[in-house]
1. Residue under question is GLU84, and the condition is that it be assigned to a helix (DSSP H, G or I) and of a type in the set (D, E, K, R); does it hold?
2. Test GLU14 against the stated conditions and say whether it is of a type in the set (Asp, Glu), buried (at least 18 other Cβ atoms within 10 Å of the Cβ) and more than 15 Å from PHE114 (Cβ to Cβ).
3. Conditions: (1) at pLDDT below 95; (2) farther than 20 Å from ASP113 by Cβ. PHE9 meets all but one. Number of the miss?
4. Provide a single number: the residues in segment 90-144 that are more than 14 Å from the chain's Cα centre (by Cα) and among the β-branched types (Val, Ile, Thr).
5. Identify, please: which residue in segment 121-150 is touching a strand residue (DSSP E or B) at 6+ places or on another chain (Cβ under 6 Å) and either among the basic types (Lys, Arg) or surrounded by 15 or more Cβ atoms within 10 Å (Cβ to Cβ) (or both) and is, among those, nearest to ASP42 (Cα to Cα)?
6. Give me a count of the residues in segment 64-90 that are within 18 Å of VAL35 (Cβ to Cβ) and either of a type outside the set (Gly, Ala, Ser) or surrounded by 14 or more Cβ atoms within 10 Å (Cβ to Cβ) (or both).
7. Hey, CYS64 hits all of (1) more than 21 Å from PHE121 (Cα to Cα); (2) touching a strand residue (DSSP E or B) at 6+ places or on another chain (Cβ under 7 Å) but one; which does it fall short on?
8. Within segment 52-63, work out how many residues are in a loop (DSSP other than H, G, I, E, B) and either loosely packed, with under 14 Cβ neighbours inside 10 Å or among the aliphatic types (A, V, I, L, M) (or both).
Amino acid sequence: MILVQNEDFDLNTEYEALRQDCPAIGAIVTFVGLVRDFNEGDDVSSLFLEHYPGMTEKVLQGICDQARERWTLNGIRVIHRIGEMHPSDQIVFVGVSSAHRGEAFAACEFIMDFLKTQAPFWKKEQTPEGGRWVDARDSDTSAADRWNELTK
């Protein structure tokens, strides 16, 4: 399940949706990203996210499909919020269920790493100096590149 939405999400609801009382599930790994109140040494009062409707969901689905090709997974849930958010607001949820913890941890990290580098989201921060667009981080690109090296 992939959602791109303005509304917040409930971690317990998403966890229970992954669990589904399935005895084949031995592990559930979740990641929740939060809006920080700082970036590049500046205070951040809000963050506005835009996306490319239709394309964003297609890219996210492709990332999840790649994860399913690499690991045996029972379920994947990805929620990414758009619109205006403030420090400590939830921005992204990635949840993975699997028979084994190693596969669940790896798949969750893989999905998050590629989401950060491939999904068409644009972030604009509000700082005391005004608004600014946020560039991709070299560390995010390096994290995704690591997965590509593992498949060679």
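1. Numbers: assigned to a helix (DSSP H, G or I): no; of a type in the set (D, E, K, R): yes.
Spelling it out, it is not the case that GLU84 is assigned to a helix (DSSP H, G or I) and of a type in the set (D, E, K, R).
2. Working: of a type in the set (Asp, Glu): yes; buried (at least 18 other Cβ atoms within 10 Å of the Cβ): yes; more than 15 Å from PHE114 (Cβ to Cβ): yes.
When the stated conditions are applied, GLU14 passes them.
3. (1)
4. Total meeting the criteria: 3.
5. THR127
6. First, pick out the residues of segment 64-90 that are within 18 Å of VAL35 (Cβ to Cβ): 78-90.
Right, trim to either of a type outside the set (Gly, Ala, Ser) or surrounded by 14 or more Cβ atoms within 10 Å (Cβ to Cβ) (or both) and you get 78-82, 84-87, 89-90.
Going through segment 64-90 one residue at a time, the tally reaches 11.
7. Condition (1) is where CYS64 drops out.
8. Of the residues in segment 52-63, the ones in a loop (DSSP other than H, G, I, E, B) are 52-54.
Filter once more, so that each one left must be either loosely packed, with under 14 Cβ neighbours inside 10 Å or among the aliphatic types (A, V, I, L, M) (or both): 53-54.
Of the residues in that region, 2 qualify.
The values are calculated or read from the model by the stated rules, or taken from the named source; none is laboratory data. Quantities reported herein were computed from a predicted structural model and do not represent experimental measurements. As a convention, Cβ positions derive from the backbone with ideal geometry for all residues, glycine included, and neighbour counts pool all protein chains shown.
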